[in-house]
Amino acid sequence: MKYTTLFFDLDETLYPTGSGLWQIVTERISAYMIERMGLDAAIVPELRNRLFTTYGTTFGGLRREFELDDQDFLHYVHDLPLSDHLRPDPELRRMLQAYPQEKWIFTNADAGHARRIIQVLGIDDCFKGIIDILDIEPHSKPHPNAYHTALQMAGKDDPTQCVFMDDRSPNLDSASQLGFFTVQVGSHPQGEIAHPRIPVITDLPDILPLESV
């Protein structure tokens with residue numbers, strides 16, 4: 001099978017879990033709910049878990065169940081000193097450039113956050129575009145409609161010719177069921193489907209040898 005398009009998740013996929021960045025983002029989400037929305041800190045962990053489970057993202061749940069200023073939320077949770085956690089990654093850049101396929105970022109974050117991250121990593125010119133949470137609203141990964149929207153935005157109509165990489169099993173499960181070839185990055189528990197797995201994204205050639213794609 002020759003693939004035409006590679007879709008990459010962003011957080012904890014293009015950079016490793018050990019950077020600590022995503023942990024800070026999640027802390028900022030809780031802080032926003034307490035400080036900006038005035039919610040009781042005692043209920044935030046359980047509420048976040050329910051919203052995430054129900055809607056795929058805390059952001060999506062807050063938009064549906066509360067009055068939320070989207071741009072204020074996204075700016076607050078992503079206004080971070082990225083260079084404290086990430087560095088240019090020449091190995092990642094070489095790996096991405098070695099694949100001739102179109103490459104897209106497909107993320108449940110916003111495009112501004114994605115751009116800042118890929119700029120810090122030194123890979124901002126490696127992607128055809130970014131498909132973000134606002135592009136796929138009112139859905140998000142892992143809802144199937146989010147993947148249909150991503151395909152449309154990338155100008156693709158056959159998911160079997162596409163590869164999708166993510167750290168979260170539910171997101172990969174949905175993509176696999178639609179026909180994407182899926183690759184799990186990192187060590188998160190497996191979901192309903194056993195996906196080919198690599199510890200870090202730069203190991204992608206172990207799963208997708210360049211000569212085979």
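The values are calculated or read from the model by the stated rules, or taken from the named source; none is laboratory data. What you are looking at is a predicted structure, and each value in this text was computed from that prediction instead of being measured. Don't worry about glycine lacking a Cβ; one is built from the backbone with ideal geometry, like all the others, and counts go over all protein chains shown.
Would you please name the residue that is surrounded by the fewest Cβ atoms within 10 Å (Cβ to Cβ), looking only at residues in region 45-81 that are part of a helix (DSSP H, G or I) and of a type in the set (Asp, Glu)? Here the answer is Glu46. Just one of the listed residues (Asp124, Asp132) is without any contact (Cβ under 8 Å) to a residue 40 or more places away in the chain, of a type in the set (Asp, Glu) and within 19 Å of Leu74 (Cα to Cα), namely Asp132. Selection of region 39-79 for residues being small (Gly, Ala, Ser) and at pLDDT 95 or above yields Ala41, Ala42. Taking the options Thr54, Thr58, name whichever one is in contact (Cβ under 8 Å) with a residue 24 or more places away in the chain and either within 23 Å of Ala146 (Cβ to Cβ) or not hydroxyl-bearing (Ser, Thr, Tyr) (or both). The unique qualifying residue is Thr58.
Can you tell me which residue is farthest from Leu172 (Cα to Cα) among those in region 82-126 that are among the aliphatic types (A, V, I, L, M), in a loop (DSSP other than H, G, I, E, B) and modelled with pLDDT under 95? For region 82-126, the residue satisfying everything is Leu86. Name the residue, out of Ser187, Ser140, that is at pLDDT below 95, under 23 Å from Gln71 (Cα atoms) and among the small types (Gly, Ala, Ser). Just a single option satisfies the conditions, and that option is Ser140.
Once region 143-168 is narrowed to residues that are surrounded by 21 or more Cβ atoms within 10 Å (Cβ to Cβ) and in contact with a Gly (Cβ under 7 Å, 6 or more places away or on another chain), the residue that is farthest from Lys2 (Cα to Cα) is Asp167.
For region 127-146, the condition holds for at least one residue, the condition being that it is over 19 Å from Val25 (Cβ atoms), assigned to a helix (DSSP H, G or I) and not hydrophobic (A, V, I, L, M, F, W, C). Evaluate region 195-212: report whether one residue or more is in the same structural domain as Ala109 (by TED's automatic domain parsing), without any contact (Cβ under 8 Å) to a residue 24 or more places away in the chain and closer than 30 Å to Leu62 by Cβ. No: region 195-212 contains no residue that is in the same structural domain as Ala109 (by TED's automatic domain parsing), without any contact (Cβ under 8 Å) to a residue 24 or more places away in the chain and closer than 30 Å to Leu62 by Cβ.
Of everything in region 100-125 that is under 22 Å from Leu204 (Cβ atoms), of a type outside the set (S, T, N, Q) and in contact with a strand residue (DSSP E or B) (Cβ under 6 Å, 6 or more places away or on another chain), the residue that is surrounded by the most Cβ atoms within 10 Å (Cβ to Cβ) is Phe106.
Conditions (1) assigned to a helix (DSSP H, G or I); (2) assigned by TED's automatic domain parsing to the domain that holds Arg93; (3) buried (at least 17 other Cβ atoms within 10 Å of the Cβ), marked per residue:
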position: Asp11; (1), (2), (3): no, yes, yes
position: Thr26; (1), (2), (3): yes, no, no
position: Ser30; (1), (2), (3): yes, no, yes
position: Met33; (1), (2), (3): yes, no, yes
position: Gly38; (1), (2), (3): no, no, no
position: Ala41; (1), (2), (3): no, no, no
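The lone criterion from (1) of a type in the set (A, V, I, L, M); (2) over 22 Å from Leu82 (Cβ atoms); (3) not in a helix (DSSP H, G or I) left unmet by Met153 is number (3).
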